Amino acid sequence: MSGYPQVLFKNRRPGTTAFLAEYEAGGGYQGLRRALTMTPQQVRELVKASNLRGRGGAGFPTGVKWSFFPEEPGEKYLLANGDEMEPGTYKDHQLLLADPHQLVEGMAIAAFAMQIPQGYVFLRYAYEECARNVEQAIAEAEAKGYLGRNILGSDFAFELHVHRSAGRYILGEETALINGLEGRRPNPRSKPPFPAQSGLFGKPTNVNNIETFANIPHILNHGAEWYQGLSRTPEGAGTMLVGLSGHLNRTECVELPMGIPLREVVEQIGGGVRGGRKFKACLPGGASTPFLTAGQLDTPLDHVHLEKSGSRLGTAGVTVFDDATCMVAATLNLARFFARESCGWCTPCRDGLQVIVWLLEEIEGGRGHAEQLAMLHDQVKNISGRSFCALAEGAMGPVGALLERFGDELEDHVKRGHCPLR
């Protein structure tokens, strides 16, 4: 994109996919070659020094996560999480449509760094074209010696496969993903043990997001200092794929520097709020992140600044709402999604989210009363931090922000007996 560094999208062309010849022409697989001249420990330390943080939602430092992994030889697994079913998030889909070899090379480097012999790319069931692209990239990489036995003449071996998910939002949680890959019901697993100790088939397993892996070849090629320098803020590192949606004049997936102000994303990249209306709120990182308001438009989009603002970067899915939006209705829509996608394993999620939906339906439908507002506050407290996995916790992000930042709208619904915007 003009004026912004293009790293992950440098080979992106409308309607086409960059396969091996184009990827190699742009420096593809040079990162893997460089990694094989280093020790696994050196590769892990380089990734750690880059300050790359996971792009799947939690934002955990990738190099630190790799440092927990046992380096000793044996049966171990590397998994790429491409389930991507959160509303407003579609970056991995666009990445694999454009340039799938970045994922393949990134996983090969990660496998070497952790001495893992086998990997799987776990993809959302609907991503058929992406699955075909990755399968073609794997076949091309195997033919050129980038995968398989004795990679590039070394003694390192790594096999990679594609797995098409059966499709549920809960499969984005890494231990539920592991259960799904094993053919089990995709409930999250209890931690500890963590996947690095006991994951797929009870063996050490590393799980990272697709975009996270795609960053790895570029870090090997250009170094940690270069990668950090791509960010607008010292608290961030690299670029990020931002999925724009909602009430904007321009909605698409774009690559932007970490730390770019939200205002620049909305007003310049997104072309402003459509129809000449005003910005009211946005989800800055996907459906499970708390709303930001117009007074927070100058917040830099990185993990640290968004956490200070009371939200999260998540998957960088920026969904904008204009000033004609009822935030109660918008939050109800999100709550219905999370309640439907609960795996039903724990009470706070299975039953608590249904209660949240009922309360918001009553209030939005003009049947709410003051006691239900109090119940909504209590229910958020009862669910937050008490569910088995992060699904319910994430679902409380927008609900908690609704109470904190748009409490006047909730009260207006109750006082008027109907939505004040209708």
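The values are calculated or read from the model by the stated rules, or taken from the named source; none is laboratory data. The structure presented is a predicted model; accordingly, all values stated were derived computationally and were not measured. As a convention, Cβ positions derive from the backbone with ideal geometry for all residues, glycine included, and neighbour counts pool all protein chains shown.
Which ones in the range 275-288 are under 10 Å from Val318 (Cα atoms) and either in the same structural domain as Ala390 (by TED's automatic domain parsing) or part of a loop (DSSP other than H, G, I, E, B) (or both)? Within the range 275-288, Pro284, Gly285, Gly286, Ala287 qualify.
The residues on offer are Ala25, Ala18, Ala49, Ala35, and the sole one that is over 18 Å from the mean Cα position of the chain (by Cα), within 21 Å of Glu140 (Cα to Cα) and surrounded by fewer than 18 Cβ atoms within 10 Å (Cβ to Cβ) is Ala25. All of (1) touching a residue at least 12 places away in the same chain (Cβ under 8 Å); (2) of a type in the set (S, T, N, Q); (3) out of contact with any strand residue (DSSP E or B) (no Cβ under 6 Å at 6 or more places or on another chain) hold for Thr347 with one exception: (1). Every condition in (1) closer than 22 Å to Gly26 by Cα; (2) out of contact with any strand residue (DSSP E or B) (no Cβ under 6 Å at 6 or more places or on another chain); (3) among the basic types (Lys, Arg) is met by Lys65 except one, and the failing one is (1). Here is a check on your reading of the model: is His163 assigned by TED's automatic domain parsing to the domain that holds Gln42 and within 27 Å of Arg185 (Cβ to Cβ)? So His163 fits the description; yes. Considered as a group, the residues in the range 1-44 that are outside any helix (DSSP H, G or I) and small (Gly, Ala, Ser) include one that is nearest to Leu152 (Cα to Cα), and that residue is Gly28.
Where helices (runs of 4 or more DSSP H) fall wholly inside the range 323-396, the ranges with 2 or more residues that are of a type in the set (Gly, Ala, Ser) are 327-341, 370-383. Sub-8 Å Cβ pairs linking a first residue in the range 393-409 that is closer than 10 Å to Met327 by Cα to a second residue that is surrounded by fewer than 23 Cβ atoms within 10 Å (Cβ to Cβ) and charged (D, E, K, R), at least 6 apart or interchain, are Leu402/Glu409, ordered by first then second residue.
Could you please let me know if Val266 is under 16 Å from Thr89 (Cα atoms) and among the aliphatic types (A, V, I, L, M)? Spelling it out, it is not the case that Val266 is under 16 Å from Thr89 (Cα atoms) and among the aliphatic types (A, V, I, L, M). Out of Thr175, Thr205, Thr239, Thr212, one residue alone is touching a Phe, Trp or Tyr at 6+ places or on another chain (Cβ under 7 Å) and either closer than 19 Å to Pro257 by Cβ or of a type in the set (Ser, Thr, Tyr) (or both). It is Thr205. Within the range 296-309, residues that are in contact (Cβ under 8 Å) with a residue 60 or more places away in the chain have Cβ atoms under 8 Å from residues that are acidic (Asp, Glu) and outside any helix (DSSP H, G or I) in these pairs: Pro300/Glu235; Asp302/Glu235; His303/Glu235; Val304/Glu235; His305/Glu235, counting only partners at least 6 apart in sequence or on another chain.
Mind checking which residues of the range 52-81 are aliphatic (A, V, I, L, M), surrounded by 20 or more Cβ atoms within 10 Å (Cβ to Cβ) and outside any loop (DSSP other than H, G, I, E, B)? Within the range 52-81, Leu78, Leu79, Ala80 meet the criteria.
Scanning the range 310-327 for residues that are over 18 Å from Gly167 (Cβ atoms) and either within 20 Å of the chain's Cα centre (by Cα) or surrounded by 23 or more Cβ atoms within 10 Å (Cβ to Cβ) (or both) returns Gly310, Ser311, Arg312, Leu313, Gly314, Ala316, Gly317, Val318, Thr319, Val320.
Given the condition assigned to a loop (DSSP other than H, G, I, E, B) and either of a type in the set (D, E, K, R) or over 18 Å from Thr331 (Cα atoms) (or both), answer yes or no: does some residue in the range 260-269 qualify? Checked the range 260-269: at least one residue is assigned to a loop (DSSP other than H, G, I, E, B) and either of a type in the set (D, E, K, R) or over 18 Å from Thr331 (Cα atoms) (or both). Under the condition of being crowded, with 17+ Cβ neighbours inside 10 Å, part of a helix (DSSP H, G or I) and of a type outside the set (Gly, Ala, Ser), the residues counted in the range 103-159 number 13.
A single member of Phe213, Phe201 is exposed (fewer than 15 other Cβ atoms within 10 Å of the Cβ) and touching a residue at least 24 places away in the same chain (Cβ under 8 Å), and it is Phe201.
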